[in-house]
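> Take a look at the following structure, please.
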Amino acid sequence: MSAAIGGEAFAPANGIRLCYETFGDPTHPPMVLIMGLASQMVIWDDDFCEMLAARGFWVIRFDNRDVGRSTTFPNARTPGLAELVLAHATRLRFRVPYTLRDMAADTAGLMDALGIASAHVVGASMGGMIAQEMALAFPGRVRTLTSLMSTTGDPRLPQAEPKAVRVLTKKTPPDRSGYLRRFVESWAVIAGDGFPFDAERMTRQGAASYERGINPAAAARQMLAIVASGNRKKALRGLRVPTLVLHGTRDPLIPFAGGVDTAQAIPGARLIPIDGMGHWMPREVWPRIVDAIARHASASPP
């Protein structure tokens, strides 16, 4: 059963409840969009989703577990910064509330609830990692994979720039004005300086996120899920899902080398560099990104 709130609805998935929204004609091939770290589905702009839908896809965006209006985990242990740093540096195993594989199973569960046997799966940043995990765990459910500004998890790859780490590890203010200020500041840093930064757009997205409900503790839990999920590179070498990799050449959070590594790891994968793009999709590059995703999906058998 699902319950609608405006254009949004809820569906059971993998033992939890996910909030989702769709664009386009349900009779068209489904395309599932997976967002990144502690980011709500509204970061996939309405206009961006409509552009994909106009290319002949039924587009589904959703809140990952622990963010937005999907199930949160207020009683789950939340790691501190020191533990996150230690986990990242040593790759020691820590007890975690959930992993990226759990989040991949969430996505498959949402597809079950919507009656979708298989879909084109597009993931951005951590969402790209989840999409990779989904293609590995549920290859029959993924028609095509698009990994956007993401990585294999190989610890030998270049790491995030210090300015990106600093802005993402700052405490999130609970009040609306403080939250919006931090939200825009964070995106301005990780967006890089290759394109003009649209502060007005990000303020709108920040306001929408705040009004839907924020959960700052989720960021630490999801960071730990990324670390705990380890290096997918060896497993990805056995993947037989048609794959497109899109990555900005000036990404300060997940450097361009992460996209190159992903494309090299997956047999037959195609890499499209987006010159000047940071860890953000400026409106100026939407037509190119949408066209690349649509062509990739349309070229694969249904």
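The values are calculated or read from the model by the stated rules, or taken from the named source; none is laboratory data. Predicted model, so just to flag it, every value in this text is computed and none were measured. For neighbour counting, all protein chains shown are included, and Cβ atoms are generated from backbone atoms with ideal geometry for every residue, glycine included. Just so you know, the surface numbers come from the protein's heavy atoms only, side chains and all, with ligands and any DNA or RNA stripped out. Shrake-Rupley method; radii C 1.70, N 1.55, O 1.52, S 1.80 Å.
> Read phi for every residue in the stretch 64-77 and hand back ³J(HN,Hα) as whole Hz from Karplus 6.51 cos²θ - 1.76 cosθ + 1.60, θ = phi - 60°, with x for Gly and Pro.
So the J values, rounded to whole Hz, are 4, 3, 6, 9, x, 9, 7, 4, 10, 10, x, 9, 6, 5.
> Just tell me which lysines come within less than 29 Å, Cα to Cα, of K171; anything on the same chain fewer than 8 places away is out.
Filter leaves K163.
> Express the accessible area of the chain per residue in Å², computed with a 1.4 Å probe while the remaining protein chains stay in the model. Intermediate values should be presented prior to the final figure.
Details: 12570 Å² over 302 residues.
On a per-residue basis, the chain sits at 42 Å².
> Round to a whole angstrom and tell me the spacing of the C-alpha centers of the stretch 11-26 and the stretch 269-288.
Measuring centre to centre over Cα atoms gives 27 Å.
> Kindly provide the helix-only [θ] at 222 nm of the chain, computed as the sum of -39,500 (n - 2.57) over DSSP H runs of four or more divided by all residues, to the nearest 500 deg cm²/dmol?
My calculation for the chain gives -12000 deg cm²/dmol from helical runs alone.
> What list of ³J(HN,Hα) couplings, whole Hz, do you get for the stretch 163-176 from phi and the Karplus terms 6.51, -1.76, 1.60, once you set θ to phi - 60° and write x for glycine and proline?
The phi angles translate into 5, 6, 5, 4, 6, 7, 9, 6, 5, 8, x, x, 7, 4 Hz.
> Another question, if that's okay. Which order do peptides 172-180, 19-27, 221-229 fall in by mean Cβ count within 10 Å, highest first?
Working: 172-180: 13.3, 19-27: 17.4, 221-229: 22.3.
Per-residue Cβ counts within 10 Å, averaged per peptide and sorted highest first, yield 221-229, 19-27, 172-180.
> Considering the dipole of the stretch 212-301 built from charges on the beta carbon (Lys and Arg +1, Asp and Glu -1) around the Cα centre, which of T262, L239, A217 is farthest to its positive end?
So the residue furthest toward the plus end is L239.
> Counting only C-alpha contacts under 8 Å and six or more residues apart, can you give the relative contact order of the chain as a whole percent?
Computed over the chain, the figure is 20 percent.
> With charges set only on the Cβ (+1 for Lys and Arg, -1 for Asp and Glu), what does the dipole of the chain come to about its Cα centre, in debye to the nearest 20?
1000
> Okay, next question. What does the C-alpha gyration tensor say about the overall shape of the stretch 168-209? Classify as rounded when a/c is under 1.5, otherwise prolate if a/b is larger than b/c, or oblate.
In terms of gyration-tensor shape, oblate.
> Please report, as a whole percent, how much of the solvent-accessible surface of the chain comes from carbon and sulfur atoms (probe radius 1.4 Å).
55
> How would the stretch 221-278 be classified by its alpha-carbon gyration tensor: rounded, prolate or oblate, with rounded meaning a/c under 1.5 and the a/b versus b/c comparison settling the rest?
Cα axes put the stretch 221-278 in the oblate bin.
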